[in-house]
Amino acid sequence: MKPLLLKGGRIVDPALSLDAVRDLRVRDGKVAEIGEHLDRAADEEVLDARGAVVAPGFIDMHVHLREPGFEEKETIATGTLAAVNGGFTAVACMPNTNPALDDPAVLAALRENVQRNARCRVYPIAAITRGRQGRLPCDYAALAAAGAVAFSDDGDSVEDMQVLREAALRALPLAAPIVDHCLPEEALVARDLQLCGETGKAWHIAHISTAAALQSVAAARSRGIAVTCEVTPHHLTFTDALAETAGAAAKVNPPLRRQSDVDALRRGVRDGTIDVFASDHAPHTAQEKGGDVEHAAPGFSGLEVAVGGYAAALPDLPLSRFVALLATNPARILKIRGGTLALGEPADITVFADRAWTVDPATFASKGKCTPFAGRRLPRKILATIVGGDVRYRAADWET
Ligand code: DOR
């Protein structure tokens, strides 16, 4: 791996309170030096980052990589290639696989697969209940020891409040938060907020999509309840009207909502109620997304459009907030390394610029080619994705 010198980029790292044009040196896979004028050492490759933003590597804390069990939809190899192409140096993958990520042995096999095939870092989110059936708790300590960074039954909410309370209490000593999918949203968010307050367990609401749910989160926060939440690019962009024209490409859980919800979510990002941008990358086969809408699978690919989608939805969002939602906050919530360019940290770096491009799903590395963003012009583009000092993605048109 060649040492790197990123020259003249605007380095934006909220964790360091840094927003300034600087050079950044990467050595031995780590951030070695940040300075106003760093001279190139003989062995270094220079990346000309003038006009670009250099940020801590983006982390997508909500993706479906589909392995084990649904390799026809996505694999570790294709999903993590999509991730680096989309600017992500790390992803957290959901447990709605077959078998579910509910057992340390399943996590051990996943880890081996990741070591062999992944292009970015992969942090597993393990199930809350065995087989995601909503009944029997998993062994949270064993799952955390096997690498789980959060617990979620994904796609399915744990319906039985007593089961979820018991899970939260058992998982209380562990760093990994509960990540809950709230369907139907408002009632379950209210219940989760109660459980979060009652148990004191760190709690994160996945893909919040309605104004009312968001308001409950804001109200709970003002009472001191430490809940966090995330929003997807599609819920920040599209309304239910899209279903009339886009059919299955607009089918997703939670569903696309009304314009007033979209407006509230955008406000929630700006005012800090929403902590994280997460794509809910949910690839399916062409067959599963084809045919009639009623039988089509919910969800679509997100990793390769997410960054452009967030920028299009919130063009006026300060860059430090943009980076906080994509790097600083997911690292903090999952309590994983990364999210900062502090000296000595692994050189996980995302380089992007405000350059418009058009979404063409045929170019996706993801096996899932369906997205409601197809054909859209997006204002922000990934120029390079660097994982542990290794340049894993470089835009073809980025001159260096
Ligand atoms: O649309 C969705 N698809 N929402 C989910 O919660 C699950 C996901 C999937 O796994 O396909």
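Below are the figures for this structure:
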read-out: Hits in segment 251-266 (condition: touching a residue at least 24 places away in the same chain (Cβ under 8 Å), away from the ligand (no atom under 16 Å from the Cβ) and among the polar types (S, T, N, Q)); value: 260
read-out: Sole exception among (1) small (Gly, Ala, Ser); (2) part of a helix (DSSP H, G or I); (3) touching a Pro at 6+ places or on another chain (Cβ under 9 Å); (4) within 22 Å of residue 65 (Cα to Cα) for residue 302, by number; value: (2)
read-out: Residue that is surrounded by the fewest Cβ atoms within 10 Å (Cβ to Cβ), among those in segment 101-113 that are touching a helix residue (DSSP H, G or I) at 6+ places or on another chain (Cβ under 6 Å) and in a helix (DSSP H, G or I); value: 113
read-out: Filter pass, residue 154 being part of a helix (DSSP H, G or I), within 16 Å of the ligand (Cβ to nearest atom) and under 20 Å from residue 275 (Cβ atoms); value: no
read-out: Residue within segment 165-172 that is within 19 Å of the chain's Cα centre (by Cα), modelled with pLDDT of 95 or more and away from the ligand (no atom under 15 Å from the Cβ) present; value: no
read-out: Complete set of residues in segment 71-99 that are free of Cβ contacts under 8 Å to residues at least 40 places away in the same chain and surrounded by fewer than 24 Cβ atoms within 10 Å (Cβ to Cβ); value: 71, 97, 98, 99
read-out: Any hit, segment 137-144, residues being away from the ligand (no atom under 16 Å from the Cβ), part of a loop (DSSP other than H, G, I, E, B), more than 21 Å from residue 271 (Cβ to Cβ) and of a type in the set (Gly, Ala, Ser); value: no
read-out: Any hit, segment 29-45, residues being more than 16 Å from the ligand (Cβ to nearest atom), assigned to a strand (DSSP E or B) and surrounded by 24 or more Cβ atoms within 10 Å (Cβ to Cβ); value: no
read-out: Cβ pairs under 9 Å, 6+ apart, first in segment 161-180 and farther than 17 Å from residue 206 by Cα, second acidic (Asp, Glu); value: 165/198; 170/139
read-out: Only listed residue being over 21 Å from residue 219 (Cβ atoms), at pLDDT below 95 and either over 12 Å from the mean Cα position of the chain (by Cα) or surrounded by fewer than 24 Cβ atoms within 10 Å (Cβ to Cβ) (or both), chosen from 292, 316; value: 292
read-out: Flag if residue 245 is more than 15 Å from the ligand (Cβ to nearest atom), part of a helix (DSSP H, G or I) and touching a Ser or Thr at 6+ places or on another chain (Cβ under 9 Å); value: no
read-out: Close pairs from segment 368-395: first over 30 Å from residue 44 (Cβ atoms), partner of a type in the set (Lys, Arg) and modelled with pLDDT of 95 or more, Cβ under 7 Å, at least 6 apart; value: 368/73; 370/289
read-out: Per-region count, segment 183-210, residues within 13 Å of the ligand (Cβ to nearest atom), in contact with a strand residue (DSSP E or B) (Cβ under 7 Å, 6 or more places away or on another chain), in contact (Cβ under 8 Å) with a residue 60 or more places away in the chain and of a type outside the set (Gly, Ala, Ser); value: 2
read-out: The listed residue being farther than 19 Å from residue 210 by Cα, within 16 Å of the ligand (Cβ to nearest atom), touching a residue at least 60 places away in the same chain (Cβ under 8 Å) and surrounded by fewer than 16 Cβ atoms within 10 Å (Cβ to Cβ), out of 306, 286; value: 286
read-out: Residue in segment 332-341 that is surrounded by fewer than 19 Cβ atoms within 10 Å (Cβ to Cβ), charged (D, E, K, R), part of a helix (DSSP H, G or I) and within 16 Å of the ligand (Cβ to nearest atom) present; value: no
read-out: Qualifying residue in segment 56-79 (condition: among the β-branched types (Val, Ile, Thr), within 16 Å of the ligand (Cβ to nearest atom) and over 22 Å from residue 386 (Cβ atoms)); value: yes
read-out: Residue count, segment 1-28 (criterion: surrounded by fewer than 16 Cβ atoms within 10 Å (Cβ to Cβ) and without any contact (Cβ under 8 Å) to a residue 60 or more places away in the chain); value: 4
read-out: Positions within segment 129-146 being crowded, with 18+ Cβ neighbours inside 10 Å and not hydrophobic (A, V, I, L, M, F, W, C), in sequence order; value: 129, 132, 137, 140
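Residues are listed down the side, and each one gets a yes or a no for (1) farther than 12 Å from residue 341 by Cα; (2) touching a strand residue (DSSP E or B) at 6+ places or on another chain (Cβ under 9 Å); (3) charged (D, E, K, R):
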| residue | (1), (2), (3) |
| --- | --- |
| 2 | yes, yes, yes |
| 7 | yes, yes, yes |
| 12 | no, yes, no |
| 28 | yes, no, yes |
| 38 | yes, yes, no |
| 47 | yes, yes, no |
| 53 | yes, yes, no |
| 62 | yes, yes, no |
| 75 | yes, no, no |
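The values are calculated or read from the model by the stated rules, or taken from the named source; none is laboratory data. The structure displayed is predicted, hence computed values, not measured ones. When we count neighbours, we look across all protein chains shown, and the Cβ atoms used for this are built from the backbone with ideal geometry, even at glycine.
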